[in-house]
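Here is the structure we will look at.
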Amino acid sequence: VPLDSRTVVDYLLERGAIDPGDVLDRSLTVVDRSRRNTCFAVSRDDRPGLFVKQPRLDDPHESPGLLRDATLAAAGESSAVLALLAPQLRFYDPRNRVLVVELLAGAEELSAHALRAGGVAPAIAGALGRAVGRLHAAVPADVAGAQTGRATASILWFGQTPDERLPRQTPAIAALRDAARHDPDLSRGLAELREEWRSDAFVHGDLKWENVMVTPEPEPVVHLVDWETSGAGDAAWDVGGLLHAYLRMWVTSLPRDALRPDAAAPAGGEAIAAAAPSIRALWSGYRAAAEPGRPGPFLLRAVRYAGARMLQTAYESAAYARGLSPQAVAFAQLAANVMARPAQAARALFSLPGDAVA
Ligand SMILES: Nc1ncnc2c1ncn2[C@@H]1O[C@H](COP(=O)(O)OP(=O)(O)O)[C@@H](O)[C@H]1O
Ligand SMILES: [Mg+2]
């Protein structure tokens, strides 16, 4: 049964997850947080709140992901680091495909925070880098029967997807798939990353600011949500996801004119420069916690994954639109440039010094 913001209360009552008193004393509030999935934040005075997630019936990406989200939340019991990072599991109801976890009250989604604050402060970026570093360093790659294989970074195989297997069969999606297949920079970049992909860490798989929750005060505390694509994979993929978030913020902030194909040099250089301290704090926090064996090559691979992740963002922005927006085109062009010239991207886009990627 698909839940809505009224039936979710009855559903939680029936399950004994909330009690009639919560409803009667009128302190119960339900906020719709739906994204790809239907989501509700349910809070009540003085008691821990609940976060409820259910895939939409018409979602063409049918979702074994939710089950992974649930297993992962449960795996918190066996891994102290996961217990700190992921919201605690309340229950998973396979019949109705409903996941209920602890509500992170007082935390703000990092994308919303960045919009409000005009960026991500180095202290928060550093905390995020350390959190993801600890995840990679401390959690075994096969925790909770973690999946392996292509679900985690499926964009790397996007160019090889035949028409009938495209999750949404729109002209925009087909055009992006064709670019991934035929554009020399994109197809070579993706092929090389497929070749180099390894499965030696437990990765979140979908790191972007929407899936990071932050409590800034007094010391920044970071939680990661939406573990649907987590599994054994390449730690540099997660770092690439975090790097790509800065590119995305930059492109999204550009005026529309700047996105026209005939526009002169890319505008907004100041915006990129302004993010430099945040990006450096992210990387040094990550590096301190994860201690990657050869940090230079690792970072360069992460930068290339940030390029691939930009293509995924182009895909995600095209998935629900009719045509390819100028923004989606800009995302895809940036993806090609970053994968073709990663050292240059590390310097010019991420302000990472040359010796960081040496
Ligand atoms: N446990 C939680 N507590 C509070 N907010 C959450 C929690 N989990 C997710 N959210 C918020 O809800 C949004 C959607 O949840 P998410 O698990 O990412 O679902 P989707 O698959 O739809 O992206 C997140 O981007 C985040 O802002
Ligand atoms: Mg999400």
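Worth pointing out:
- Value of [θ]222 nm, deg cm²/dmol, for the chain, DSSP H segments ≥ 4, -39500 (n - 2.57) each, nearest 500: -14500 deg cm²/dmol
- The Stokes-Einstein estimate for region 301-347, based on a Kirkwood radius over Cα pairs and taken at 37 °C with 0.692 mPa s viscosity, is a diffusion coefficient of 309 µm²/s.
- A Förster radius of 41 Å, combined with the Cβ-Cβ distance separating Asp45 from Ser325, puts the computed FRET efficiency at roughly 0.40.
- Here region 220-242 and region 284-301 have alpha carbon centers that stand 15 Å from each other.
- Shape class for region 183-284: oblate, because the ratio a/c of the largest to smallest gyration tensor axis (alpha-carbon atoms, square roots of eigenvalues) is 1.5 or more and b/c is at least a/b.
- Entry note, region 3-43: relative contact order of 32 percent, from Cα contacts under 8 Å with a spacing of 6+ residues.
- Relative packing of 212-221, 243-252, 322-331, which averages over residues the other C-beta atoms within 10 Å, highest first: 243-252, 322-331, 212-221
- Net length gained if the chain between Ser78 and Glu219 were fully extended (0.36 nm per residue, minus Cα distance): 48.1 nm
- The three principal axes of the C-alpha atoms in region 30-173 carry coordinate ranges of 50, 37, 34 Å, sorted with the longest axis first.
- With the highest mean first, a sort of the peptides 5-15, 229-239, 307-317, 132-142 on other beta-carbon atoms found within 10 angstrom per residue produces 229-239, 307-317, 132-142, 5-15.
- Pairs of Cα atoms nearer than 8 Å and 6+ residues apart set the relative contact order; for region 176-295 it is 20 percent.
- From the C-alpha gyration tensor of region 121-177, square roots of 5λ in Å: 33, 19, 7
- Between region 1-35 and region 70-100, the Cα center-to-center distance that results, in Å: 19
- Extension gain from Arg294 to Ala271, taking 0.36 nm per residue of separation minus the Cα-Cα distance: 5.3 nm
- Using equal-weight Cα scatterers in the Debye expression, the normalised intensity of region 184-236 in log10 at q = 0.14, 0.18, 0.28 Å⁻¹ is -0.53, -0.74, -1.03.
- Debye-sum result for the chain in log10 I(q)/I(0), which assumes one identical scatterer on each alpha carbon, at q = 0.11, 0.14 Å⁻¹: -0.76, -1.23
- The calculated FRET efficiency for the pair Arg256 and Glu14, based on their C-beta separation and a Förster distance of 51 Å, comes to about 0.55.
- Convex hull projection area averaged over all views, region 1-78, Cα basis, nm²: 6.0
- What the Cβ-Cβ distance of Ala117 and Arg35 gives, at R0 = 25 Å and to the nearest 0.05, is a FRET efficiency of 0.70.
- Extension gain, Glu164-Thr7: 0.36 nm per intervening residue step, less the Cα-Cα distance, totals 52.9 nm.
- Label-point separation, Ala105 to Leu57 (7 Å along Cα→Cβ), nm: 3.4
- Cα-Cα separations in region 68-145 greater than 19 Å, expressed as whole percent: 49
- Descending principal axes extents, region 118-236, alpha-carbon based, whole Å: 50, 37, 24
All of the numbers you see were taken from the coordinates with simple rules; none came from a lab. This structure is a prediction, so every number in the text was calculated from the model and none was measured. Methodologically, a virtual Cβ is constructed for each residue, glycine included, from the backbone with ideal geometry; neighbour enumeration extends over all protein chains shown.
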